[in-house]
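Encoded as structure tokens, the structure appears first; notes follow it.
The values are calculated or read from the model by the stated rules, or taken from the named source; none is laboratory data. Quick caveat, the model's predicted, so the values are computed rather than measured. We place every Cβ from the backbone using ideal geometry, glycine too, and count neighbours over all the protein chains shown.
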Amino acid sequence: MIDTAELVDNATGSQSRKVFWDKDVYQLELERIFSRCWLFLGHESSIPKPGDFLTTFMAEDRVILSHQADGSYKAFINSCTHRGNQVCHADSGNAKAFVCNYHGWVFGQDGALVDVPMEARCYHNNLEKSELGLKQVRVESYKGFIFGCHDPEAPPLQEYLGDFCWYLDTIWGGPDGGMELLGPPMKSLLSCNWKVPTENFVGDGYHVGWTHAAALQMIGGELAALSGNRADMPFDDLGLQFTTRHGHGFGVIDNAATAIHVNREGYQKFLEDNRGKVREELGPERERLYMGHWNSSIFPNCSFLYGTNTFKIWHPRGPHEIEVWTYTLVPRNADDETKRSIQREAIRSFGTAGTLESDDGENMSSATYVNQGRITRQGRLNSSMGVQREGPHPVYPGIVGVSFIGETSYRGFYRFWQEMLEAPDWAAVHANDDNWDEMWTNRNFW
Ligand code: UNU
Ligand code: FES
Ligand code: FE
């Protein structure tokens, strides 16, 4: 039996090392998190036409995301209902139907079983085709970003994103026309627990100046002042950190959206051209966010950097390995040259072989594998930075921490992670909707 109470201590900000290592914790995550939360599947821009599809994963389950004739999207498990063979082996394409390699069963664009070889002769009309479609997944999209969920009781996607929509509305479907993804995604394996990169993206402003010291020094610009945590680093002016009801969160560095770009003119001009509209329609707080650099995670395993514009899904492969999928986020209305330039910059920094990506990978792997040691893994992990220097804010929804270098959104992520592991169903989660943030006791901080 797993003692979930011991796994996370919200008051002090600590976690058991079992969260990165234990096989039973991982099985519970598959059951209670990945089977019940909304998981990112793909962007509408990747499958623009009817019949377009892509294949992806929801944790370790293979799924097909398919653009329907009526313009809607469906997703279904990519495993034949006959003898279980994987039906579609392509990464993406356009298909009238999906034909299984093994015995030739044919599934429609909507996953329904539409044809079976020699059906009358071999099954003698005893096959209930209508009950043998590919297993359906709930699908909903927000501003073009398509998510899937296995739990019929889960709230609608927009409610799941919740307060985080207020932030996302600045960039994903905002006054500048919103964003889309450039693919196909780069794919690579990394030997780490899936939560190590997720927590890093949700709120690790602390590692930036140290892990990435050399890269930031090379790139120059605003963030070079962070390199090596220099004494002249403008610490108190380093933005904010946010966490929301369902563990989604981010940190923002002010006026640094394009700081990691070597060639930034096109993108910086696009942002400058649009900031007035953002201010007018969404107000000065979100204009501030629009011009900043975000490190962000959407619970449970999707992360992005706004500004640098890498967009990642951390697909778990057991407790100690992940498959990393990397897309590039680009403003929909930027010209093609600017989009290409943003993609080159995102790949150079956070692509599979990116300079900053490789800085991070070694830490993520080693933070996982040290827990192989029986004594080592009995210790705990600390995420106490900024405790009490955070609270509800008069303008920004959720809980706001005082600097982008803090661990407010780590604590928010693990608070919800623990809540999901403990909740028997979504009704039990809803029961906490009015008091989810009571662990942040400094109510008048802002
Ligand atoms: O490495 C990161 N996650 C990062 C780098 C975050 C913010 C700025 C630069
Ligand atoms: Fe943070 Fe070592 S200093 S993990
Ligand atoms: Fe990093």
task = Kindly list, by first and then second residue, each pair from a residue in the range 101-125 that is closer than 26 Å to Val63 by Cβ to a residue that is assigned to a loop (DSSP other than H, G, I, E, B) and among the aromatic types (Phe, Trp, Tyr), limited to pairs with Cβ atoms under 8 Å and residues at least 6 apart or on different chains.
result = Leu113/Trp105; Asp115/Trp105; Val116/Trp105; Pro117/Trp105
ask   = Among (1) without any contact (Cβ under 8 Å) to a residue 40 or more places away in the chain; (2) surrounded by 15 or more Cβ atoms within 10 Å (Cβ to Cβ), which single condition is Tyr160 missing?
value = (1)
ask   = Does Val370 meet the test of being farther than 21 Å from Ala259 by Cα and in a helix (DSSP H, G or I)?
value = yes
key: Selection from the range 349-360 of residues that are part of a helix (DSSP H, G or I) and surrounded by fewer than 18 Cβ atoms within 10 Å (Cβ to Cβ)   = Thr355, Ser358
key: Subset of the range 242-274 (residues that are buried (at least 16 other Cβ atoms within 10 Å of the Cβ) and among the charged types (D, E, K, R))   = Arg245, Asp254, Arg264
Among (1) within 30 Å of Leu238 (Cα to Cα); (2) away from ligand 2 (no atom under 16 Å from the Cβ), the one test that Phe201 misses = (2)
Condition check for Glu140: closer than 30 Å to Gly104 by Cβ and either within 16 Å of ligand 2 (Cβ to nearest atom) or of a type outside the set (Lys, Arg) (or both) = no
query = Which residues, taken from the range 328-378, are within 16 Å of ligand 2 (Cβ to nearest atom) and touching a residue at least 12 places away in the same chain (Cβ under 8 Å)?
reply = Asp359, Asp360, Gly361, Asn363, Met364, Ser365, Ala367, Thr368, Tyr369, Asn371, Thr376, Arg377
inquiry  = Quick check on my filter: what residues within the range 291-334 are more than 18 Å from Ile33 (Cβ to Cβ), in contact with a strand residue (DSSP E or B) (Cβ under 9 Å, 6 or more places away or on another chain) and outside any strand (DSSP E or B)?
reply    = Gly292, Gly307, Thr308, Asn309, Arg332
query = Gln268 fails exactly one of the following numbered conditions: (1) at pLDDT 95 or above; (2) within 16 Å of ligand 3 (Cβ to nearest atom); (3) in a helix (DSSP H, G or I); (4) closer than 29 Å to His393 by Cβ. What is the number of that condition?
reply = (2)
